[in-house]
Amino acid sequence: MTDPYQNQPGFGGPQYGPPGTGPDLNKQPEVPGQPQYPSDPYNQQPQYGQQPQYGQQPQYGQPDPYGQQPGGYPAAPYPGGYNPNDPEAPYGRDPFGVPFSDKQKLTAGLLQIFLGGFGIGRFYTGHTGIAIAQIAVTWLTCGFGGIWPLIDGIMMLTGKVPDSLGRPLRD
(Lines give C-alpha, C1' and ligand atoms only; values in the text may rest on other atoms or scores of the structure.)
Protein backbone atom coordinates (compact mmCIF):
# COMPACT_ATOMS: atom_id res chain seq x y z
CA MET A 1 0.00 0.00 0.00
CA THR A 2 1.31 3.43 -0.88
CA ASP A 3 1.04 6.61 1.16
CA PRO A 4 -0.97 9.28 -0.71
CA TYR A 5 1.04 12.07 0.97
CA GLN A 6 4.42 10.72 0.00
CA ASN A 7 6.48 13.00 -2.21
CA GLN A 8 3.84 15.76 -2.18
CA PRO A 9 5.15 19.34 -2.03
CA GLY A 10 4.45 20.99 1.31
CA PHE A 11 3.91 17.76 3.23
CA GLY A 12 7.54 16.61 3.48
CA GLY A 13 6.91 12.94 2.81
CA PRO A 14 5.51 10.29 5.14
CA GLN A 15 5.66 10.80 8.88
CA TYR A 16 4.81 7.90 11.10
CA GLY A 17 4.65 7.84 14.87
CA PRO A 18 2.27 8.62 17.71
CA PRO A 19 -1.04 10.42 16.95
CA GLY A 20 -0.64 14.10 16.28
CA THR A 21 2.84 13.83 14.81
CA GLY A 22 1.73 13.23 11.21
CA PRO A 23 1.32 15.82 8.48
CA ASP A 24 -1.10 18.72 9.02
CA LEU A 25 -3.93 17.84 6.64
CA ASN A 26 -5.60 21.25 7.07
CA LYS A 27 -2.50 22.99 5.76
CA GLN A 28 -2.60 23.84 2.08
CA PRO A 29 0.54 22.90 0.15
CA GLU A 30 2.61 25.83 -0.94
CA VAL A 31 2.82 26.15 -4.70
CA PRO A 32 5.38 28.60 -6.02
CA GLY A 33 3.94 31.43 -8.08
CA GLN A 34 0.38 31.37 -6.61
CA PRO A 35 -0.81 33.91 -4.04
CA GLN A 36 -1.74 32.64 -0.59
CA TYR A 37 -5.29 33.32 0.59
CA PRO A 38 -6.72 33.12 4.11
CA SER A 39 -8.59 29.89 4.85
CA ASP A 40 -12.09 31.47 4.85
CA PRO A 41 -12.23 35.10 3.65
CA TYR A 42 -16.02 35.34 4.25
CA ASN A 43 -15.96 34.35 7.90
CA GLN A 44 -13.82 37.19 9.23
CA GLN A 45 -15.16 39.02 12.26
CA PRO A 46 -14.78 42.81 12.37
CA GLN A 47 -12.58 44.17 15.12
CA TYR A 48 -14.09 46.07 18.04
CA GLY A 49 -15.23 49.54 16.96
CA GLN A 50 -15.30 48.73 13.24
CA GLN A 51 -18.37 48.42 11.07
CA PRO A 52 -18.83 45.26 9.00
CA GLN A 53 -17.74 45.75 5.41
CA TYR A 54 -20.46 43.69 3.75
CA GLY A 55 -23.49 45.93 4.21
CA GLN A 56 -25.07 48.69 6.22
CA GLN A 57 -27.41 47.43 8.89
CA PRO A 58 -29.55 49.78 10.98
CA GLN A 59 -28.38 50.20 14.54
CA TYR A 60 -30.71 49.98 17.51
CA GLY A 61 -32.65 53.18 18.07
CA GLN A 62 -32.46 54.25 14.43
CA PRO A 63 -35.52 54.00 12.18
CA ASP A 64 -35.51 51.17 9.72
CA PRO A 65 -35.15 52.63 6.20
CA TYR A 66 -37.39 49.91 4.73
CA GLY A 67 -40.32 50.31 7.15
CA GLN A 68 -40.11 46.77 8.45
CA GLN A 69 -40.35 45.31 11.91
CA PRO A 70 -37.24 44.06 13.71
CA GLY A 71 -36.04 40.81 12.23
CA GLY A 72 -36.77 41.84 8.63
CA TYR A 73 -40.44 40.83 8.60
CA PRO A 74 -42.94 43.10 6.83
CA ALA A 75 -45.44 45.07 8.87
CA ALA A 76 -48.36 43.03 10.19
CA PRO A 77 -51.60 43.33 8.19
CA TYR A 78 -54.79 44.60 9.72
CA PRO A 79 -56.63 42.08 11.92
CA GLY A 80 -59.09 39.82 10.13
CA GLY A 81 -57.86 40.92 6.71
CA TYR A 82 -59.52 44.32 7.09
CA ASN A 83 -58.01 46.93 4.76
CA PRO A 84 -59.14 50.52 5.38
CA ASN A 85 -57.21 51.73 2.31
CA ASP A 86 -59.74 50.08 -0.02
CA PRO A 87 -63.25 50.99 1.17
CA GLU A 88 -64.90 49.00 -1.64
CA ALA A 89 -63.05 45.82 -0.59
CA PRO A 90 -62.32 45.98 3.14
CA TYR A 91 -61.60 42.20 3.24
CA GLY A 92 -59.35 42.23 0.18
CA ARG A 93 -59.81 41.17 -3.42
CA ASP A 94 -59.55 37.84 -5.19
CA PRO A 95 -57.00 37.34 -8.03
CA PHE A 96 -59.51 38.70 -10.55
CA GLY A 97 -60.04 41.93 -8.58
CA VAL A 98 -63.49 41.10 -7.20
CA PRO A 99 -63.87 42.19 -3.57
CA PHE A 100 -64.30 39.43 -0.98
CA SER A 101 -67.51 39.08 1.02
CA ASP A 102 -67.72 39.71 4.74
CA LYS A 103 -69.02 36.11 5.07
CA GLN A 104 -66.69 33.12 5.43
CA LYS A 105 -66.67 29.88 3.43
CA LEU A 106 -66.14 27.65 6.44
CA THR A 107 -68.99 29.15 8.46
CA ALA A 108 -71.45 29.08 5.56
CA GLY A 109 -70.52 25.54 4.52
CA LEU A 110 -70.73 24.04 8.01
CA LEU A 111 -74.04 25.79 8.74
CA GLN A 112 -75.43 24.47 5.46
CA ILE A 113 -74.18 20.91 6.02
CA PHE A 114 -75.42 20.56 9.61
CA LEU A 115 -78.49 22.83 9.54
CA GLY A 116 -79.25 22.84 5.80
CA GLY A 117 -82.71 21.35 6.34
CA PHE A 118 -83.58 24.71 7.91
CA GLY A 119 -81.75 26.74 5.22
CA ILE A 120 -79.41 28.33 7.78
CA GLY A 121 -76.35 28.42 5.48
CA ARG A 122 -78.30 30.18 2.74
CA PHE A 123 -79.81 32.63 5.24
CA TYR A 124 -76.22 33.36 6.38
CA THR A 125 -75.09 34.21 2.85
CA GLY A 126 -78.18 36.34 2.21
CA HIS A 127 -80.06 34.05 -0.19
CA THR A 128 -83.45 34.12 1.57
CA GLY A 129 -85.45 32.74 -1.37
CA ILE A 130 -83.20 29.71 -1.83
CA ALA A 131 -83.22 29.09 1.93
CA ILE A 132 -87.02 28.99 2.01
CA ALA A 133 -87.05 26.70 -1.04
CA GLN A 134 -84.63 24.31 0.69
CA ILE A 135 -86.81 24.24 3.81
CA ALA A 136 -89.89 23.47 1.70
CA VAL A 137 -88.21 20.75 -0.39
CA THR A 138 -86.65 19.07 2.64
CA TRP A 139 -89.87 18.99 4.67
CA LEU A 140 -92.27 18.22 1.84
CA THR A 141 -90.22 15.20 0.74
CA CYS A 142 -89.95 13.90 4.32
CA GLY A 143 -86.20 14.49 4.42
CA PHE A 144 -85.25 13.04 1.04
CA GLY A 145 -84.72 16.57 -0.30
CA GLY A 146 -81.99 17.03 2.35
CA ILE A 147 -79.43 15.97 -0.22
CA TRP A 148 -79.75 19.44 -1.80
CA PRO A 149 -78.55 21.34 1.31
CA LEU A 150 -75.75 18.78 1.82
CA ILE A 151 -74.39 19.25 -1.71
CA ASP A 152 -74.91 23.00 -1.39
CA GLY A 153 -72.81 23.03 1.81
CA ILE A 154 -69.98 21.18 0.10
CA MET A 155 -70.08 23.68 -2.75
CA MET A 156 -69.91 26.52 -0.24
CA LEU A 157 -66.81 24.99 1.35
CA THR A 158 -65.11 24.78 -2.04
CA GLY A 159 -65.89 28.43 -2.79
CA LYS A 160 -68.32 27.88 -5.68
CA VAL A 161 -71.21 29.79 -4.05
CA PRO A 162 -71.01 33.62 -3.75
CA ASP A 163 -72.92 35.74 -1.27
CA SER A 164 -76.15 37.55 -2.19
CA LEU A 165 -74.22 40.47 -3.71
CA GLY A 166 -72.19 38.18 -5.99
CA ARG A 167 -68.95 38.52 -4.01
CA PRO A 168 -66.87 35.36 -3.36
CA LEU A 169 -66.85 34.09 0.22
CA ARG A 170 -63.56 34.69 2.01
CA ASP A 171 -61.35 32.08 3.67
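The values are calculated or read from the model by the stated rules, or taken from the named source; none is laboratory data. It should be emphasised that the depicted structure is a prediction, and the values quoted were computed from it without experimental measurement. Don't worry about glycine lacking a Cβ; one is built from the backbone with ideal geometry, like all the others, and counts go over all protein chains shown. Protein only, heavy atoms only, side chains kept; ligands, DNA and RNA dropped before computing areas. Shrake-Rupley method; radii C 1.70, N 1.55, O 1.52, S 1.80 Å.
Miscellaneous remarks
- Residues satisfying the stated conditions in the range 142-168, i.e. open to solvent by 40 Å² or more (accessible area, probe 1.4 Å), over 30 Å from the mean Cα position of the chain (by Cα) and not aliphatic (A, V, I, L, M): C142, G143, F144, W148, S164
- In the range 63-116, residue modelled with the highest pLDDT [restricted to those that are of a type in the set (K, R) and open to solvent by 50 Å² or more (accessible area, probe 1.4 Å)]: K103
- Tabulated pairs, the range 127-140, first free of Cβ contacts under 8 Å to residues at least 12 places away in the same chain, second open to solvent by 50 Å² or more (accessible area, probe 1.4 Å) and in a helix (DSSP H, G or I), C-beta under 7 angstrom, 6+ apart or interchain: V137/W148
- For the range 120-141, the count of residues that are among the basic types (K, R) and open to solvent by less than 40 Å² (accessible area, probe 1.4 Å) is nonzero.
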